[in-house]
1. Can you put 473, 468 in order of Cβ neighbours within 10 angstrom, beginning with the fewest?
2. Calculate how large, on average over all directions, the projected area of the Cα convex hull of the stretch 71-133 is; give the answer in nm² to one decimal.
3. What is the spin-label model distance, in nm, from residue 650 to residue 440 if the labels are put 7 Å beyond Cα along the C-beta direction?
4. Using the basic label-point model (7 angstrom from Cα toward the beta carbon), what is the residue 330 to residue 376 distance in nanometres?
5. With a ≥ b ≥ c taken as the square roots of the eigenvalues of the C-alpha gyration tensor of the stretch 605-678, please select rounded if a/c is under 1.5 and otherwise prolate if a/b is larger than b/c or oblate if it is not?
6. Every cysteine in the chain with no other Cys Cβ under 4.7 Å from its Cβ, please list them in numeric order.
7. For residue 572, what is the net charge nearby, where nearby means another residue's Cβ is under 15 Å from its Cβ and Lys, Arg count +1, Asp, Glu -1?
8. What net charge do the residues around residue 429 carry, taking every other residue with its C-beta under 12 Å from that of residue 429, with Lys and Arg at +1 and Asp and Glu at -1?
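Rule-based calculations on the coordinates, nothing more; no lab input. Only a predicted model underlies this, so the values are computations on that prediction, with no experimental measurement involved. Here the Cβ positions follow ideal geometry from the backbone for every residue, glycine too, while neighbour counts run over all protein chains shown.
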Amino acid sequence: MNVDEAKKRIEQLRAEINYHNYRYYVLDSPEISDAEYDRLMRELRGIEEQFPELVTPDSPTQRIGAAPVAAFGVVEHPLPLLSLGNAFSRDELFDWYRRTVKLAGTSGFDFVCEHKIDGLAVALTYVDGRFTTGATRGDGYRGEDITQNLKTIRSVPLSLAGDFPPRFEVRGEVYLPRSAFHRLNQERADQGLPLFANPRNAAAGSVRQLDPRITARRPLDVYIYMLGYAEGRAVPSTHWDRMEYLKGLGFKVNPHNRLLPGIEQVAEYYRTWEEGREGLPYEADGVVVKVNQIELQERLGVVGREPRWAIAYKFPAIQATTRLLDIGISVGRTGTLNPYAILEPVAVGGVTIRQAALHNEDDIRRKDIRIGDTVIVQRAGDVIPEVVGPVVSKRTGGEREFRLLDKLPRNDRGKPVCPRCERGEVVRPEGEVMYYCSNAACPAQAHERIQHFASRGGMDIRGAGEALSALLLREGLVRDVGDLYSLKKEQLADLERMGEKSAANIINAIEQSKGRPLARLIFSLGIRHVGSETAELLAEHFGSLDSLSRASQQELMTVPSIGPKIAESIAAFFQQPENLAIIEKLRQAGVRTSEEREVKALPLAGAEFVITGALKAFTRPEAEARIKELGGTFKENVTRKTTYLVAGADPGGSKLNRARELGIRQITEDEFLELLKA
Ligand code: IVH
């Protein structure tokens with residue numbers, strides 16, 4: 001192939017890939033299989049490797065792969081990004097409407113209603129049909145340049161087809177779907193990291209990563225909600241038509257948007273979604289009501305930062321008040337002492353709450369929460385409820401301030417110790433908000449560590465749940481995760497409520513877990529501050545547990561996105577003799593501790609399969625066995641670790657949806673058979 005031929009083929013491939021990308025990520029309606037899509041991508045990547053001078057920044061191969069930056073550049077917004085005034089009741093909505101009619105001098109206009117998604121506002125600039133700059137809102141006038149990060153979002157078109165203005169800007173909301181938000185927070189909780197308070201913070205945290213590869217791992221999405229400016233081509237004169245026009249250019253616009261003729265219909269739209277919002281895949285905190293006619297928008301103008309032509313009609317928060325009876329302390333996997341609220345049971349949005357998160361002592365003090373207070377509790381979606389703050393006016397004077405150290409038992413030297421093991425002295429490392437139990441052999445920690453080790457995101461040992469690990473610890477059959485691998489079937493079968501068969505299943509599951517990828521093993525060790533993303537980076541960089549464990553703090557810091565705090569924690573972990581002993585047990589048992597070549601050589605190594613619907617060629621157990629023989633793994637449920645979802649006859653909708661939501665490849669039975677032949 002010569003340069004000219006390469007150029008031509010590259011153009012064809014890019015156009016084709018962009019089209020299928022659009023079908024999949026924007027329209028949610030793919031025309032080709034993922035395997036075919038991959039083939040196109042592979043061919044493009046191959047030619048671009050051969051002719052690197054032909055790579056352009058808008059090539060679909062360039063979505064990921066940009067190097068981390070030291071800091072974000074600044075982008076001046078040619079037109080400021082505004083915020084919105086709020087309405088909290090029907091009366092306030094109608095007040096806004098009456099003001100608008102008065103100022104407009106007419107009621108002859110209509111409305112566009114949209115969900116107010118709780119995410120992060122972005123402005124995307126296109127020059128000659130190419131995505132050139134993506135920026136955060138910042139202070140409205142100047143934002144941060146997050147172009148590389150936004151490129152990783154598949155629903156952001158990199159190049160446009162059709163009749164676009166030579167230069168224009170669109171604005172929209174980048175968000176993290178609810179499910180991804182909960183998963184991220186769960187991981188952070190496991191790591192003892194502060195939780196994201198809401199999906200907006202989580203989206204902002206994901207987008208404002210200096211390393212775009214981290215952004216790329218988070219399933220962010222975007223809805224475009226307005227045209228900023230356009231130069232060099234006339235654009236439609238109503239908001240609704242503009243959105244239709246942008247849709248035609250390939251932008252993702254929320255299908256729930258409605259063009260409505262009157263304020264009563266607006267109120268009706270609000271009522272529908274006030275009830276229906278929990279069923280949405282994203283968190284919406286209200287409805288945005290916009291005057292449709294742009295000419296009228298311009299006449300109504302802006303006061304301060306708030307346009308008079310739009311308003312955010314907010315949903316009520318899911319909150320309730322109740323009494324804080326006491327504050328309990330639980331012990332986490334890394335030894336963190338986690339305060340939690342013990343509440344007088346209260347119904348919040350149809351769910352009875354008895355406990356709620358309190359994060360840490362500083363947070364409790366900052367919010368001035370006292371035991372005995374009447375407090376406001378809040379539940380968002382299906383996350384752990386949290387205490388928002390006290391209702392100070394209800395104080396009686398009998399409330400008590402909480403001091404974590406006062407709640408703890410003391411040892412004979414008078415030092416506070418862990419409430420669970422009553423041995424480990426409690427320490428608070430400088431600069432950290434959490435207190436820790438310093439006893440490496442604390443059974444509460446061991447319990448949490450075994451749970452974490454065996455969890456789905458970890459070594460995935462089915463059957464090693466709460467009850468079993470508590471029992472094993474109590475019976476002295478295990479002291480740490482390393483001991484799991486020397487358990488004998490007979491030992492398990494002797495335990496209460498355990499038969500031959502369940503014992504055999506558990507032994508089998510433990511055996512299976514030996515071959516998990518290195519990144520999973522690193523994650524499951526439960527090193528403080530090392531979540532699954534960091535574990536993947538470490539596995540990629542070091543290739544084996546051995547070389548990871550020998551790495552100095554300096555060396556660890558050369559891995560992108562690993563800072564001094566994480567590096568210190570990892571280095572400290574591998575200096576502890578207890579941890580080295582556990583690793584030795586794992587190694588002795590034959591747990592995979594490196595990205596072994598032989599395993600890689602198997603055709604399905606590293607691939608995780610989920611099957612939905614019936615297959616013609618195999619029963620499920622047969623398919624499972626074939627996958628395993630070829631080095632792959634088989635799972636019941638789609639997670640973000642899933643490589644392929646195989647869809648047979650009558651596939652289940654939830655698995656398909658979940659796969660789509662997470663961007664997991666879906667293949668047909670025929671494609672699956674092809675893979676097995678490989
Ligand atoms: S329109 C001048 N539409 O809400 C109008 N904003 O306080 C400005 N938001 O930061 C925004 N969904 O990021 C608009 N459908 C929607 C929206 C939306 C979420 C956010 C936006 C902005 C904030 C306004």
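1. 473, 468
2. 7.6 nm²
3. 5.5 nm
4. Between residue 330 and residue 376, the label points sit 2.5 nm apart.
5. Cα axes put the stretch 605-678 in the oblate bin.
6. 113
7. Charge balance in the 15 Å sphere: -2.
8. 0
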